Amino acid sequence: MRHIDEYRDRDRAEILAAAIAREVRSGRMYRLMEFCGGHTHAIYRYGLQDLLPAKVKMVHGPGCPVCVLPTGRLDMAIRMARLPGVILCSYADMVRVPTADGDSLLKAKATGADVRMVYSTADALAIAEANPDRQVIFFAIGFETTAPATAQAVVTAAARGLRNFSVFVNHVLTPAAIGAILTAPESDAVRIDGLIGPSHVSVVIGTAPYTALAAAHRRPIVVAGFEPVDVLQAVLMLIRQCNEGRFMVENQYVRAVTAEGNRKAQAAMAEVFARRDGFVWRGLGWIADSALCLAPAYAGFDAEARFAVPYRPQPEAKACECPAILRGQKRPADCKLFARACTPQTPRGACMVSPEGACAAHYAYGRFRTVAA
Amino acid sequence: MCLAVPAEVLALAGETATVSLGGIRKTISVALLDGVAVGDFVLVHVGYALARIDETEARNTLAAIADLREVSP
């Protein structure tokens, strides 16, 4: 497949691995965080840690919007789904995520709620148009990659006068989360020497938003594509910056990412969304200026306002280590539940359910290896 | 969640496009991207094209990697 296979090419991977091995310096470690769960999966799936010298350690980050959504927000979606007459539309990633007492959207569906998995917000709009006597709520999750699709759906719903359509907005913002990771207090912090920046968030927002972060925290950030060759090239670029004492934003994913990003998608987001004061992230706590809500002009489409389903803080599952794993402080194998009570078939936490969760990656690709998780 | 896949644009009709994702045809929206042409490769995420793949930059990336190959003495 064009523009994919070239970046899964073993020969290129070995060229990069050899270059990395030549350039790492003795007497130091390089701890590099891959922010995005998609990168965690590429690293596991293609065995990239094995291609890297032992002094290069990859640390998982919190870039999994399914994983960082607090259970209390999922609980609201489940309660919305159970309201009479509601059709709740959701991306498939969310439907199996469990609450602490084992509830989920899929369980709600099994007990009579009308929960529909959709590929696109366009599908949710079509459902709203086909069911004018039902309230259709779209469960909007994701980072800046996904927020434009929600924005486009709201604009379209407004233009078509789709009064039975609403969105439950849970979009979160990447730069704020990167800032939180890099400013964690010493006791909590994982020492990170550099960051691999997210691929498709950056397609939308550009590389410009990371510049202030790299300068303020004096850490290099390299935006990388999702394929294994992309990740390895980004690792090489980070190692060079670490060696040279530089802390710049660099772009490995030049075939898709520019400094300014997708202006049209940004404009759609600016039209439809406003910033919340802050938002609670599983594992990172409350982060200021880190999430979106609907702008006043579109408040009529806000499911939180239309339906009386207040937020109730929910505990996480006992012994679930998702919060520490999302901060990079613990590895999946450190969790007592991992591969025992918590498996992809019987997940206890979002990190196992989500296709981008560190635990799902380790379970699928890593758990029988002798290499540390 | 943030996975986006490169797809070849086969046909355009207003704000929708027919693309080929590794041989599988799908209808997606190009409402979030200007100037898409048939034959372009675009990144598709949850049913929307978010960016065009720049062929020149792709070639540059692969060339830079090839340059790292060490010639054995």
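No value in this document is a laboratory result; all are computed from the given coordinates. Worth saying up front: this structure is predicted, and the values here are computed from it rather than measured. Note that each Cβ is placed from the backbone with ideal geometry, even for glycine, and that neighbours are counted across all protein chains shown.
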Restricting to the range B:16-38, give me the number of residues that are charged (D, E, K, R) and surrounded by 13 or more Cβ atoms within 10 Å (Cβ to Cβ).
1
Of these, A:Gly37, A:Gly61, which one is surrounded by 19 or more Cβ atoms within 10 Å (Cβ to Cβ), within 12 Å of chain B (Cβ to nearest Cβ) and either within 30 Å of B:Glu70 (Cβ to Cβ) or not aliphatic (A, V, I, L, M) (or both)?
A:Gly37
What tally of residues in the range A:79-119 results from selecting those that are surrounded by fewer than 21 Cβ atoms within 10 Å (Cβ to Cβ), polar (S, T, N, Q) and either within 14 Å of another protein chain (Cβ to nearest Cβ) or under 24 Å from B:Ala31 (Cβ atoms) (or both)?
0
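Being surrounded by 13 or more Cβ atoms within 10 Å (Cβ to Cβ) and either free of Cβ contacts under 8 Å to residues at least 24 places away in the same chain or touching a strand residue (DSSP E or B) at 6+ places or on another chain (Cβ under 7 Å) (or both) is the requirement here; does A:Gly366 meet it? Spell out the reasoning first.
On the way: surrounded by 13 or more Cβ atoms within 10 Å (Cβ to Cβ): yes; either free of Cβ contacts under 8 Å to residues at least 24 places away in the same chain or touching a strand residue (DSSP E or B) at 6+ places or on another chain (Cβ under 7 Å) (or both): no.
Here the answer is no, as A:Gly366 does not meet what is asked.
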Count of the range A:196-250 residues which are within 18 Å of A:Ala18 (Cα to Cα) and not charged (D, E, K, R):
14
Search result, residues across the range A:187-206 that are farther than 29 Å from A:Arg331 by Cα and in a loop (DSSP other than H, G, I, E, B):
A:Gly206
Tell me, yes or no, whether the range A:139-151 has at least one residue that is under 25 Å from A:Val204 (Cβ atoms), surrounded by fewer than 21 Cβ atoms within 10 Å (Cβ to Cβ), of a type outside the set (Lys, Arg) and in contact with a Lys or Arg (Cβ under 9 Å, 6 or more places away or on another chain).
no
Inspect the range A:314-332 for any residue being farther than 28 Å from A:Val86 by Cβ and among the β-branched types (Val, Ile, Thr) and give the result as yes or no.
yes
Filtering the range A:265-311 for residues that are more than 22 Å from the chain's Cα centre (by Cα) and over 14 Å from A:Asn170 (Cβ atoms) leaves a count of 13
Find all pairs meeting these conditions: Cβ atoms under 8 angstrom apart; at least six residues apart or on different chains; first residue within the range B:24-46 and at the interface with another protein chain (Cβ under 9 Å from one of its Cβ atoms); second residue among the acidic types (Asp, Glu).
B:Ser29/B:Glu15; B:Ala31/B:Glu15; B:Phe41/B:Glu8; B:Phe41/B:Glu55
Quick one: would you say B:Asp54 is touching a strand residue (DSSP E or B) at 6+ places or on another chain (Cβ under 6 Å) and either facing chain A (nearest Cβ under 7 Å) or among the charged types (D, E, K, R) (or both)?
no
Of all residues making up the range A:120-158, the number that are in contact with a strand residue (DSSP E or B) (Cβ under 8 Å, 6 or more places away or on another chain) and in a helix (DSSP H, G or I)
16
Considering every residue within the range A:39-58, establish whether at least one is over 30 Å from A:Arg134 (Cα atoms) and among the aromatic types (Phe, Trp, Tyr).
yes
Matching residues in the range B:34-44 - criterion: being among the aliphatic types (A, V, I, L, M) and either more than 12 Å from the chain's Cα centre (by Cα) or under 11 Å from B:Ala11 (Cα atoms) (or both):
B:Val36, B:Ala37, B:Val38
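Per-residue answers, yes or no, for (1) in contact (Cβ under 8 Å) with a residue 12 or more places away in the chain; (2) in contact with a Gly (Cβ under 9 Å, 6 or more places away or on another chain); (3) closer than 30 Å to A:Ala153 by Cβ; (4) acidic (Asp, Glu):
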{"residue": "A:Ala214", "(1), (2), (3), (4)": "yes, no, no, no"}
{"residue": "A:Leu236", "(1), (2), (3), (4)": "yes, no, no, no"}
{"residue": "A:Gln252", "(1), (2), (3), (4)": "yes, yes, no, no"}
{"residue": "A:Ala256", "(1), (2), (3), (4)": "yes, yes, yes, no"}
{"residue": "A:Ala265", "(1), (2), (3), (4)": "yes, no, yes, no"}
{"residue": "A:Val272", "(1), (2), (3), (4)": "yes, no, yes, no"}
When only residues in the range A:6-22 that are more than 10 Å from chain B (Cβ to nearest Cβ) and not small (Gly, Ala, Ser) count, which is surrounded by the fewest Cβ atoms within 10 Å (Cβ to Cβ)?
A:Arg10
Being away from chain B (no Cβ under 13 Å), part of a loop (DSSP other than H, G, I, E, B) and either touching an Asp or Glu at 6+ places or on another chain (Cβ under 9 Å) or among the hydroxyl-bearing types (Ser, Thr, Tyr) (or both) is the filter here, so list the residues in the range A:208-244 that pass it.
A:Arg219, A:Pro220
Pair list, Cβ under 7 Å, 6 or more apart: the range A:120-146 residue farther than 22 Å from A:Ala350 by Cβ and within 14 Å of chain B (Cβ to nearest Cβ), other residue outside any loop (DSSP other than H, G, I, E, B) and polar (S, T, N, Q)
A:Ala122/B:Ser29; A:Leu125/A:Thr156
Just to verify a result, which residue in the range A:194-232, among those that are over 19 Å from the mean Cα position of the chain (by Cα) and of a type in the set (Val, Ile, Thr), is surrounded by the fewest Cβ atoms within 10 Å (Cβ to Cβ)?
A:Thr211
